[in-house]
1. Determine whether Phe119 is in contact with a strand residue (DSSP E or B) (Cβ under 8 Å, 6 or more places away or on another chain) and among the aromatic types (Phe, Trp, Tyr).
2. Go through the residues of the stretch 196-204 one by one and say whether even a single one is farther than 23 Å from Thr11 by Cα, of a type in the set (Lys, Arg) and at pLDDT 95 or above.
3. Considering only the stretch 26-59, state which residues are under 19 Å from Val105 (Cα atoms), of a type outside the set (A, V, I, L, M) and either surrounded by 12 or more Cβ atoms within 10 Å (Cβ to Cβ) or touching a residue at least 12 places away in the same chain (Cβ under 8 Å) (or both).
4. Could you say which residue among Gly224, Gly232 is surrounded by fewer than 21 Cβ atoms within 10 Å (Cβ to Cβ) and either closer than 17 Å to Ile181 by Cβ or in contact with a helix residue (DSSP H, G or I) (Cβ under 6 Å, 6 or more places away or on another chain) (or both)?
5. Give the residue that is nearest to the chain's Cα centre (by Cα), with candidates limited to residues of the stretch 221-278 that are closer than 27 Å to Gln194 by Cβ and among the small types (Gly, Ala, Ser).
6. So Gln145 clears everything in (1) touching a residue at least 40 places away in the same chain (Cβ under 8 Å); (2) more than 19 Å from the chain's Cα centre (by Cα) except one condition, right? Which one?
7. Has the stretch 69-84 got at least one residue that is of a type in the set (Gly, Ala, Ser) and out of contact with any helix residue (DSSP H, G or I) (no Cβ under 7 Å at 6 or more places or on another chain)?
8. Looking at (1) surrounded by fewer than 21 Cβ atoms within 10 Å (Cβ to Cβ); (2) in a helix (DSSP H, G or I); (3) free of Cβ contacts under 8 Å to residues at least 60 places away in the same chain, which one does Gln265 not meet, given that it meets all the others?
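The values are calculated or read from the model by the stated rules, or taken from the named source; none is laboratory data. Since the model is a prediction, treat every value here as computed from it, not as a measurement. Note: ideal-geometry Cβ built from the backbone for every residue, glycine included; neighbour counts use all protein chains shown.
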Amino acid sequence: MQLGIRLHDTTKLPFEERIKEVHDLGFACGHLALAKVIDEFPTTDEAMTPGLAMYIKNVFAKNNVDIAVLGCYLNMATPNQEELKKTVHRYMAHIRFASLLGCGVVGTETGAPNETYSFTPECHTEEALQLLINNLRPIVKYAEQMGVIFAIEPVYRHIVSNPKRARQVLDEINSPNLQIIFDPVNLLDIANYQDRQAIIEEAIDLLGPDIAMVHLKDFQIRDGKMISVGCGLGEMDYTSILKFMKERKPFIHATLEDTKPENNQQVKNFILQKYAEV
């Protein structure tokens with residue numbers, strides 16, 4: 001495992017200083033969401049030139065930090081056709097930029113069939129799933145042309161809400177350039193968290209060959225709600241996840257989520273110790 005961190009969870013610093021600090025903290029890679037990490041210069045679609053890509057690539061390389069995934073988390077199922085057109089354009093810009101960065105994965109969640117990107121019962125319908133699949137096709141085709149993996153992240157409250165729906169998307173699109181970001185906690189909700197071991201094992205069984213990278217976090221139950229926190233600060237048992245990574249995914253990128261600058265070393269040390277023990 002190559003352990004990293006979601007870069008916008010780190011101390012807010014100028015871009016070059018931030019990446020240096022990530023290296024100094026002992027992380028091997030980062031999850032880069034451009035607009036959440038960089039504010040010294042624009043990262044709009046038109047700003048994503050080869051020159052900008054080379055600058056960013058060199059900053060990461062100088063600090064021995066990989067870009068594990070270029071995040072672009074927009075709603076691919078919005079009914080607003082004008083917004084959808086902009087979203088597809090934004091994804092294609094990220095895919096093209098990732099190819100220049102030497103970053104193998106552009107990552108996304110799977111949205112909701114409404115303009116507010118909010119959970120409703122319609123998220124879990126077959127109609128919503130087919131809408132998503134249709135909207136994914138041109139994006140995945142472009143990823144194939146650019147030699148980049150487009151990875152979807154199943155989330156209980158989004159359209160791709162469980163391992164079976166994720167498997168259906170992979171099978172219907174049938175492209176080696178469409179893969180999975182595995183975030184075990186995102187498959188859980190207050191409605192199903194007590195069945196987490198079975199859900200995680202099902203995900204590994206159905207999606208394991210297509211998992212490109214992993215997000216690691218934990219959860220707590222507070223006032224009847226599930227709250228995401230850093231690894232080791234909640235109820236997760238990581239044994240099966242880390243065993244899967246160790247045995248089947250050598251040197252896979254795994255990034256910590258929902259850490260804070262004051263606890264990222266505690267969380268890093270916790271998960272590295274667990275990984276050594278499995």
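1. The answer is no for Phe119.
2. So far as the stretch 196-204 goes, yes, one or more of its residues are farther than 23 Å from Thr11 by Cα, of a type in the set (Lys, Arg) and at pLDDT 95 or above.
3. Phe27, Cys29, Gly30, His31, Lys36, Thr43, Asp45, Pro50, Tyr55, Lys57
4. None of the others qualify; the one that does is Gly232.
5. Of everything passing the filter in the stretch 221-278, Ala254 is nearest to the chain's Cα centre (by Cα).
6. (1) is the only condition that Gln145 fails.
7. The initial filter retains those residues of the stretch 69-84 that are of a type in the set (Gly, Ala, Ser), namely 71, 77.
With the extra rule that they be out of contact with any helix residue (DSSP H, G or I) (no Cβ under 7 Å at 6 or more places or on another chain), the set shrinks to 71.
Within the stretch 69-84, one or more residues are of a type in the set (Gly, Ala, Ser) and out of contact with any helix residue (DSSP H, G or I) (no Cβ under 7 Å at 6 or more places or on another chain).
8. (3)
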